[in-house]
Amino acid sequence: MGGWMPLMLPIMAGIGGLVIALDYRNCGLRVYDLMARWSPGGGIDPRFSPDVLRVIAGLLGTILLVVAGVQAIDLL
């Protein structure tokens, strides 16, 4: 499998991370609420706020988009 298919995962994950980071339509808060519901032991540590989640998602989204860009340049 070659070509553009290996680029799709980092691009989609990067866009998803930036959507969470920029809190488009409260997506960041929805993800935080889902994490609080699914976490074992009754919830998330209070120090881990939705803002911390948005910063982490923004960093990961940016890094993944840069990786996808480097891979795309390598394909040229």
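The values are calculated or read from the model by the stated rules, or taken from the named source; none is laboratory data. Just so you know, these numbers come straight off a predicted model, no measurement behind them. FYI the Cβ positions are ideal-geometry reconstructions off the backbone, even for glycines, and counts take in every protein chain you see. Please note that ligands, DNA and RNA were not included when accessible areas were found on the heavy atoms of the full protein model with its side chains. Shrake-Rupley method; radii C 1.70, N 1.55, O 1.52, S 1.80 Å.
Checked against (1) assigned to a helix (DSSP H, G or I); (2) in contact with a helix residue (DSSP H, G or I) (Cβ under 6 Å, 6 or more places away or on another chain), Ile15 passes all but condition (2). Pairing each residue of segment 1-21 that is under 29 Å from Tyr32 (Cα atoms) with any residue that is among the β-branched types (Val, Ile, Thr) and open to solvent by less than 50 Å² (accessible area, probe 1.4 Å), provided the two are 6+ apart or on different chains, yields C-beta distances under 8 Å for Ile20/Val31. Residues in segment 1-28 that are over 21 Å from Gly69 (Cβ atoms), open to solvent by 50 Å² or more (accessible area, probe 1.4 Å) and at pLDDT 90 or above: Asn26 alone. Going by the structure shown, is Gly69 part of a helix (DSSP H, G or I) and either crowded, with 17+ Cβ neighbours inside 10 Å or among the aromatic types (Phe, Trp, Tyr) (or both)? The answer is no for Gly69. Scan segment 23-59 residue by residue and report those that are farther than 26 Å from Pro10 by Cβ and either of a type in the set (Val, Ile, Thr) or assigned to a loop (DSSP other than H, G, I, E, B) (or both). Within segment 23-59, Ser39, Pro40, Gly41, Gly42, Gly43, Ile44, Asp45, Pro46, Arg47, Ser49 meet the criteria.
Within segment 29-54, being of a type in the set (Val, Ile, Thr) and open to solvent by 90 Å² or more (accessible area, probe 1.4 Å) holds for no residue.
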